[in-house]
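Data block below; observations after.
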Protein chains: 2
Amino acid sequence: MNSSLLVRACRGELTERPPVWFMRQAGRSLPEYRKLREGVPMLESCQRPDMVVEITMQPVRRYGVDAAIFFSDIVVPLKAAGVDVEIQPGVGPVVAEPIRTRADLPRLRPLERDDVWFITESVGALVQELGTTPLIGFAGAPFTLASYLVEGGPSRHHERTKALMHSDPDLWHELLARVARISSTFLQVQIDAGASAIQLFDSWAGALSRSDYERFVLPHSASILREITSVPRIHFGVGTAEFLPLIAEAGADVVGVDWRLPLDEAARRVPGKALQGNLDPALVLADTSVIDAEVDRIIAEGRSAPGHVFNLGHGVLPSTDPDVLAHVVDRVQAAGGDSGA
Amino acid sequence: MNSSLLVRACRGELTERPPVWFMRQAGRSLPEYRKLREGVPMLESCQRPDMVVEITMQPVRRYGVDAAIFFSDIVVPLKAAGVDVEIQPGVGPVVAEPIRTRADLPRLRPLERDDVWFITESVGALVQELGTTPLIGFAGAPFTLASYLVEGGPSRHHERTKALMHSDPDLWHELLARVARISSTFLQVQIDAGASAIQLFDSWAGALSRSDYERFVLPHSASILREITSVPRIHFGVGTAEFLPLIAEAGADVVGVDWRLPLDEAARRVPGKALQGNLDPALVLADTSVIDAEVDRIIAEGRSAPGHVFNLGHGVLPSTDPDVLAHVVDRVQAAGGDSGA
């Protein structure tokens, strides 16, 4: 497993071509996923090993990508730790009782391994089924999870979250420490069950200034990432070009880069780190000639880094045509003249 | 009028303190606004001079800000030019027939001055009523307007827009040239009627990479801004720290900066330009001591630029307490020990 193309690229080894997978490759853009999910609420599907295995496998079978990404949702560990959270279709995660005061804090108890027996079972079954294809584990980063807990749901401006971190830094740090422990346990369970790499996903980090990220977020993401030594760590936040070195400093073997920053420039900002990215997911809707040129450009720019994992610059959009992603996989896998692994 | 504190700061003159106004100071956060708007659709309110004058004046009376911002909406000139667009509450602008092919292009006709008689009338009345307080004119930038036209409404990922610009650059440039002419006329009408400065607002520019902005957007924003020589030009896009020099290059006496980038760093990126910003609008919900420290920091960092216009780093959030904005105005106006021009 440790000799997979993915792990070698993550470790900064020279590979004949970049491994390729897509954030959100499992999910809404696939008709076989939509069929399977009919009548099953999102969080239920994440708690049923049979569904997690099938959904995680769907894009592996369809595309022949070089890695599977564990199908889950960033709020799954919160729910498993007793938070009353549901995913409302068309809205996103909705938290029944937001956490905004010191009195709310005890409601956020630690995650026990037994709470996520279904994760252990799902990962174990997946590793068997995947064979030589590596499985990437997955967790939301403390800032992004805390934003859902404080706002009570998705938020465009994160105003309560930002007001809390600045107005009561002690409470903020206690909240983030608790969230970080939950994310850490969630990742460790996946690693222990056989995940070959992990990705810590900080969807909303780009809403912060560099100094706020450094002061209020970095220590907590670092507390998760520094404990992970046995598998490569991919650390990704959208819109974080301005503080990419802090994303690396928090702990990363691979720094995820969105589509806004060319990989050669990213390589200058985080020297010595492997990079992941960064095709604009919107451009998957453009003409094939445009996509081909972008893929080639990104592969060329990725050579500036010690290792490159080809991916989109953010998750697959629901409107994406799976045949186009299949074409992207073919093009990346044809680069370097061999199919890798 | 030309000796107003705002215009002097925009021109890069040393001022005793920064002038202060807020993007979206007129509108949803004010109870007097919500009362006035009861039963009146958004775009109707923008087309009625009595309402435009009253809504524009409300924050000037309440806060004593150093500038009024013309109350309008970025789609007003599109509607005046015959586009079937409405603002749906809770959604945003919805375009009945999106523009996606060459055959759609002729539907976007030029804006004639007679189409916006209500703008001329509103600005004229406002300039009288405002006295020595300058009025800032306002238009949406071509990329942001085009995104609404192509997507048919607000879009998180702008995928059709990005696909179009890459897949059919000729059509894209023709579309943006048409939109730019409309924005240009809309601004010229406001200047001719007495606006003391203008702001070109590119809400969505931050969704683009630097190279896409440079190739597909900059020439069109520049075509608007280079024609404006009689009043200062403020050019602002959210999340544009990575290509701030291009925002300046497109044409700007004042570069607007969101909350993510400290003004002293912004000043290094666009030397010689005045700056506008950049209090995080979310932090207006924090404790007063936090707000005061942020205001003082921003005023201090703003001294790195030749001129500084104090503002938020994006528009006033609907949940903002007007009393807090009043406090911010007081604090900025007390800086330098005098209440300015």
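How do the pairs read when you match residues in region A:197-226 that are among the acidic types (Asp, Glu) with residues anywhere that are part of a strand (DSSP E or B), using Cβ under 6 Å and keeping only pairs 6 or more apart or on different chains? Qualifying pairs under 6 Å: A:ASP202/A:GLY237.
Can you tell me which of B:ALA300, B:ALA286, B:ALA282 is within 20 Å of the chain's Cα centre (by Cα) and either modelled with pLDDT of 95 or more or surrounded by fewer than 23 Cβ atoms within 10 Å (Cβ to Cβ) (or both)?
Values: B:ALA300 fails: within 20 Å of the chain's Cα centre (by Cα); B:ALA286 fails: within 20 Å of the chain's Cα centre (by Cα).
The match here is B:ALA282.
Among the residues of region A:59-88, those identified as touching a strand residue (DSSP E or B) at 6+ places or on another chain (Cβ under 8 Å) and of a type in the set (Gly, Ala, Ser) are A:ALA67, A:ALA68, A:SER72. The single condition from (1) in contact with a helix residue (DSSP H, G or I) (Cβ under 9 Å, 6 or more places away or on another chain); (2) closer than 21 Å to B:ALA326 by Cβ; (3) of a type in the set (Lys, Arg) that B:ARG34 fails is (1).
Within region A:130-156, the set of residues being among the β-branched types (Val, Ile, Thr) and farther than 19 Å from A:ILE234 by Cβ comprises A:THR132, A:VAL150. Against the conditions (1) free of Cβ contacts under 8 Å to residues at least 60 places away in the same chain; (2) touching a strand residue (DSSP E or B) at 6+ places or on another chain (Cβ under 6 Å), A:VAL20 satisfies every one except (1). Candidates A:THR161, A:THR144, A:THR133: the one that is touching a helix residue (DSSP H, G or I) at 6+ places or on another chain (Cβ under 8 Å) and more than 26 Å from B:SER289 (Cα to Cα) is A:THR133. The criterion of at least 2 residues that are of a type outside the set (D, E, K, R) and away from chain B (no Cβ under 14 Å) is met, among helices (runs of 4 or more DSSP H) falling completely within region A:100-202, by A:117-130, A:142-151, A:169-192. State whether one or more residues within region A:255-272 are over 17 Å from B:SER209 (Cα atoms), of a type in the set (A, V, I, L, M) and out of contact with any Phe, Trp or Tyr (no Cβ under 9 Å at 6 or more places or on another chain). So far as region A:255-272 goes, yes, one or more of its residues are over 17 Å from B:SER209 (Cα atoms), of a type in the set (A, V, I, L, M) and out of contact with any Phe, Trp or Tyr (no Cβ under 9 Å at 6 or more places or on another chain). Would you mind stating whether A:GLU249 is surrounded by fewer than 24 Cβ atoms within 10 Å (Cβ to Cβ) and more than 10 Å from chain B (Cβ to nearest Cβ)? Judged against the criteria, A:GLU249 is a match.
For region B:23-32, taking the residues that are over 16 Å from the mean Cα position of the chain (by Cα) and crowded, with 19+ Cβ neighbours inside 10 Å, the one that is farthest from B:GLN276 (Cα to Cα) is identified as B:LEU30. Only one of the numbered conditions (1) among the aliphatic types (A, V, I, L, M); (2) more than 9 Å from chain A (Cβ to nearest Cβ); (3) surrounded by fewer than 21 Cβ atoms within 10 Å (Cβ to Cβ) is not met by B:LEU263, and that is (3). Among the residues of region A:310-317, is any in contact with a strand residue (DSSP E or B) (Cβ under 8 Å, 6 or more places away or on another chain), away from every other protein chain (no Cβ under 14 Å) and either surrounded by fewer than 18 Cβ atoms within 10 Å (Cβ to Cβ) or in contact (Cβ under 8 Å) with a residue 12 or more places away in the chain (or both)? Yes, region A:310-317 contains at least one residue that is in contact with a strand residue (DSSP E or B) (Cβ under 8 Å, 6 or more places away or on another chain), away from every other protein chain (no Cβ under 14 Å) and either surrounded by fewer than 18 Cβ atoms within 10 Å (Cβ to Cβ) or in contact (Cβ under 8 Å) with a residue 12 or more places away in the chain (or both).
Screening B:LEU275, B:LEU244 for residues that are more than 10 Å from chain A (Cβ to nearest Cβ), part of a helix (DSSP H, G or I) and either under 22 Å from B:PHE143 (Cβ atoms) or aliphatic (A, V, I, L, M) (or both) leaves exactly one candidate, B:LEU244. Of all residues in region A:284-304, those that are within 12 Å of chain B (Cβ to nearest Cβ) and either outside any helix (DSSP H, G or I) or not hydrophobic (A, V, I, L, M, F, W, C) (or both) total 8.
Evaluate the following for A:GLY307: is it of a type outside the set (Phe, Trp, Tyr), away from chain B (no Cβ under 11 Å) and touching an Asp or Glu at 6+ places or on another chain (Cβ under 8 Å)? Yes; evaluated as a whole, the condition is true for this residue. Of all residues in region A:203-228, those that are farther than 15 Å from A:LEU145 by Cα, within 12 Å of chain B (Cβ to nearest Cβ) and in a loop (DSSP other than H, G, I, E, B) total 1. The residue pairs whose first member lies in region B:55-82 and is under 23 Å from B:ILE99 (Cα atoms) and in contact (Cβ under 8 Å) with a residue 12 or more places away in the chain, whose second member is surrounded by fewer than 20 Cβ atoms within 10 Å (Cβ to Cβ) and among the basic types (Lys, Arg), and whose beta carbons are closer than 6 Å, counting only pairs six or more residues apart or on different chains, are B:ALA81/B:ARG109; B:GLY82/B:ARG109.
When the residues of region B:229-241 are narrowed to those that are among the aliphatic types (A, V, I, L, M) and either away from chain A (no Cβ under 14 Å) or in contact (Cβ under 8 Å) with a residue 60 or more places away in the chain (or both), which ends up nearest to B:GLU159 (Cα to Cα)? Write out each step before concluding.
Residues of region B:229-241 among the aliphatic types (A, V, I, L, M): B:231, B:234, B:238, B:241.
Filter once more, keeping what is either away from chain A (no Cβ under 14 Å) or in contact (Cβ under 8 Å) with a residue 60 or more places away in the chain (or both): B:231, B:234, B:238.
On the way: B:VAL231: 35, B:ILE234: 28, B:VAL238: 18 Å.
Of everything passing the filter in region B:229-241, B:VAL238 is nearest to B:GLU159 (Cα to Cα).
Report yes if some residue within region B:208-217 is among the basic types (Lys, Arg) and either crowded, with 19+ Cβ neighbours inside 10 Å or touching a Leu at 6+ places or on another chain (Cβ under 8 Å) (or both); otherwise report no. Yes; the residues of region B:208-217 include at least one that is among the basic types (Lys, Arg) and either crowded, with 19+ Cβ neighbours inside 10 Å or touching a Leu at 6+ places or on another chain (Cβ under 8 Å) (or both). Going through (1) touching a strand residue (DSSP E or B) at 6+ places or on another chain (Cβ under 8 Å); (2) hydroxyl-bearing (Ser, Thr, Tyr); (3) exposed (fewer than 13 other Cβ atoms within 10 Å of the Cβ) one by one, B:THR56 falls short only on (3).
The values are calculated or read from the model by the stated rules, or taken from the named source; none is laboratory data. Predicted model only: the values in this text are computed from it and were never measured. Glycine also receives a Cβ, built like all others from the backbone with ideal geometry; neighbour counts cover every protein chain displayed.
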